[in-house]
1. LYS366: which lysines have alpha carbons under 22 Å from its alpha carbon, excluding same-chain residues fewer than 8 sequence positions away?
2. Can you give me the distance in nm between label points at THR37 and HIS65, each placed 7 Å from the Cα along the Cα-to-Cβ direction?
3. Would you please classify the overall shape of region 295-452 from the alpha carbon gyration tensor, given that a ≥ b ≥ c denote the square roots of the eigenvalues, rounded means a/c under 1.5, and beyond that prolate means a/b larger than b/c while oblate covers the rest?
4. Under 8 Å for C-alpha pairs, at least 6 residues apart: give me the relative contact order for region 254-304, rounded to a whole percent.
5. Count charges around ALA132 for me, please; just the other residues with Cβ under 11 Å from its Cβ, Lys/Arg as +1, Asp/Glu as -1.
6. Count the DSSP beta bridges whose two residues both fall in region 314-447, then state the antiparallel fraction as a percent rounded to the nearest 5.
7. What is the local net charge at ASN419, summed over the other residues whose Cβ is closer than 12 Å to its Cβ (Lys, Arg +1; Asp, Glu -1)?
8. Expressed as a rounded percentage, what relative contact order does region 365-416 have, with Cα pairs under 8 Å and six or more residues apart?
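Each value in this text was obtained by applying a stated rule to the coordinates, not by laboratory testing. Everything numeric here is computed off the predicted structure, so don't read it as measured data. Glycine gets a Cβ as well: all are built from the backbone with ideal geometry, and neighbour counts include every protein chain shown.
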Amino acid sequence: MKHTLRTFFAFLLALCLCLSFAACGGSGSGSESGSDTTPSGHTHTFAAEWSHDEEKHWHAATCGHVSERGSEAAHTYQNGKCTTCNYEHTEHSFGAYSKTATEHSRTCSVCGKTVSAAHTYENGKCKICDYAHQNHAYGADNICEVCGAKKALYTMSEDGTKIYFGEYPQSEAKESDLKATLNMEAGANPTSENAGKWTDYGYYISGSVESYMWFIDVEYQGDRYRGIYFTKYRPWNTTEQSAAEKSYQDENGYNLDTVYWFKYEPIEWHILEQSNNSVLLLSNIILDSRQYCNPNKATAGDPNNYLYSEIREWLNATFYETAFDRSARSIIETTTIDNSASTTASESNEYVCENTNDKIFLLSYKEVKSAYGFIESDDSAREMKSTDYAKSQGIYVSTDSGYVGNSMWWLRSPGTFSNETASYVSGDGYVMTGNNVSNTRGGIVPALWIKL
Ligand SMILES: [Zn+2]
Ligand SMILES: [Zn+2]
Ligand SMILES: [Zn+2]
Ligand SMILES: [Zn+2]
Ligand SMILES: [Zn+2]
């Protein structure tokens with residue numbers, strides 16, 4: 001019995017020794033990174049690798065004291081990762097997007113990570129960050145190949161009565177630095193022997209085309225300008241020329257041997273009529289000044305035959321190509337123009353032509369009297385002013401009291417009493433049957449139908 005008891009105590013002692021040895025941690029266990037000696041003499045030991053949660057990192061105890069954590073601290077982030085434990089932040093707190101031309105990016109306010117991606121466009125805007133694409137690359141269908149935006153070929157005024165569509169030289173550019181730059185671009189002034197980079201207007205003197213007035217189009221800082229230059233005054237009609245018969249260029253402030261510049265500006269159109277998704281537009285201002293037809297030029301029919309007139313040819317070639325780029329042209333409709341006698345001042349007008357199919361046209365005598373909201377008694381609705389550019393071409397500008405600044409504008413309808421007259425609206429808004437077709441002082445107020 002005694003022997004048994006002693007054996008039992010010896011066993012207990014051995015067990016205690018063994019336990020206390022284990023609690024101290026076996027030395028040479030290799031995975032320890034650190035130790036912490038407690039007041040009781042026990043030294044905690046910790047794993048070399050880091051443990052972590054969302055906020056902190058620490059070394060876990062390897063001595064069995066699981067509540068002990070070595071070197072516990074909050075993560076210190078740089079670009080999304082803790083610089084101490086390599087923990088990657090996941091629940092990012094992103095701020096607003098920064099945007100460049102190609103991508104959007106945003107940064108986590110906690111971990112500093114920046115996430116970038118290329119814009120993903122839909123109808124012109126990035127679906128993610130709302131960035132509006134710039135510098136569109138329009139395809140033949142007028143849709144940007146990058147962002148899918150449809151090219152805005154026109155803009156409408158807020159009240160829905162006006163449309164801005166196409167561009168034509170209008171206001172004179174008077175700023176001297178700008179003019180000096182444009183003059184440099186244009187190079188030497190043209191002469192009848194050498195036009196240089198300039199284009200001859202092909203204007204008449206004494207019934208034939210002569211070289212004395214030229215233009216040049218120059219692009220500068222995203223805007224387009226037209227320079228003009230002339231060495232003789234344009235006659236007020238296409239059949240004569242003398243000092244007494246010059247047009248109104250000098251009265252309008254435009255003189256010989258001087259370059260003048262005019263800015264291409266959006267043309268403002270009045271909506272005359274809407275039909276389904278198309279609108280009939282009439283320019284709100286006189287854009288140019290020229291003859292209906294030089295009588296000598298009329299190769300077929302009478303000089304006031306609209307079908308063969310210079311004015312119709314000019315509207316559908318020169319004006320059409322100058323005012324509208326390829327995309328704008330794509331929404332201009334071809335309109336069948338009623339040229340019957342009933343659209344003129346007389347049902348028995350013998351100078352009428354067959355109907356024409358045109359992109360650009362002039363209104364008829366009847367239309368400006370009683371269609372599209374025009375009524376015979378309201379002359380003021382037909383009064384028109386002209387652009388600086390039209391003035392540089394020699395248009396006559398009224399100085400009559402009550403009509404100061406107004407000019408006459410051509411209609412397509414032939415006159416009734418002579419094959420050399422055509423209808424027009426006077427500076428005071430009257431609808432008249434006959435102005436001489438050779439008159440270059442007449443204003444151009446184009447009309448056209450476009451698809452919206
Ligand atoms: Zn411990
Ligand atoms: Zn960390
Ligand atoms: Zn983060
Ligand atoms: Zn974006
Ligand atoms: Zn685009």
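1. Partners found: LYS385.
2. Reported label-point gap for THR37 and HIS65 is 1.3 nm.
3. rounded
4. In percent, rounded to a whole number, it is 21.
5. My count for the surroundings of ALA132 gives +1.
6. DSSP beta bridges in region 314-447 are roughly 90 percent antiparallel.
7. -3
8. That works out to 30 percent.
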